[in-house]
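This report refers to the structure that appears directly beneath it.
The values are calculated or read from the model by the stated rules, or taken from the named source; none is laboratory data. What you are looking at is a predicted structure, and each value in this text was computed from that prediction instead of being measured. Here Cβ is always computed from backbone atoms with ideal geometry, including for glycine, and neighbour counts include all displayed protein chains.
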Amino acid sequence: MSKNAKPAATKPADAAVAPAPSNKKKLIIIVVAVIAIAAGAGWFLTKGKSDAPHVEEVKVAPPKRPIFIALEPFTVNLQKENSDQYLQVGITLKFFEPELEERIKTNLPDIRSKILFLLATKKASELGSPEGKTRLMEEIATISNAVLGIVNKPALPASAVAAATAVSHVAEAGAEGEHGAAAEVAAHAPAHQAEEKKGIIDVLFTSFIIQ
């Protein structure tokens, strides 16, 4: 065997091993990319959720349930005009406070008496229009609440609120600012200024017959 013979099997083996480092680098890059994607997804799920508004935590108070008490029908002679006339009316009281129900029932004889006296002061011509019926409803609520010791302050019109507030502005600004202060308050005054009603807030007519 000649001494100059070259080993032929060594180079193919080296050539086969050479690509290994490249594959290893690709594997490392893929692993790093997967870790980065996982970290980003985790941040989105935690940070994104914390920044989003929690709609389920917003709670709205449920509306109050009204309570009704129906009174025995009233039959009363009206004030005489052209001829004798009488009114037959069914009345139901509306309120929201549950504790008020027992108070109304306890004071029912007094409430009925006051309502009966009020109806007897009316004329048929006063009760024929929607305005007259509305006025009667308000009067029944007022006298019934008075029996229960409840007094609701009437709503103030915008002109009264504006005038009262303008006086305060004028006192502070002096006579020179009178017209400007009054005009400014009148422009921004609310239509009505009243506290929330308590007690009997409405009166319902279940029947209303005039003969």
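Brief remarks on what is shown
- Condition check for ILE111: under 21 Å from GLU196 (Cα atoms), in contact (Cβ under 8 Å) with a residue 12 or more places away in the chain and among the aliphatic types (A, V, I, L, M): no
- Pairs are defined by a Cβ separation below 8 Å, a sequence spacing of at least 6 or placement on different chains, a first member in segment 75-96 that is loosely packed, with under 15 Cβ neighbours inside 10 Å, and a second member that is of a type in the set (Asp, Glu); the pairs so defined are ASN77/ASP84; LYS94/ASP202.
- Against the test of being at pLDDT below 95 and buried (at least 18 other Cβ atoms within 10 Å of the Cβ), the options ILE115, ILE140, ILE111, ILE150 yield a single qualifying residue, ILE150.
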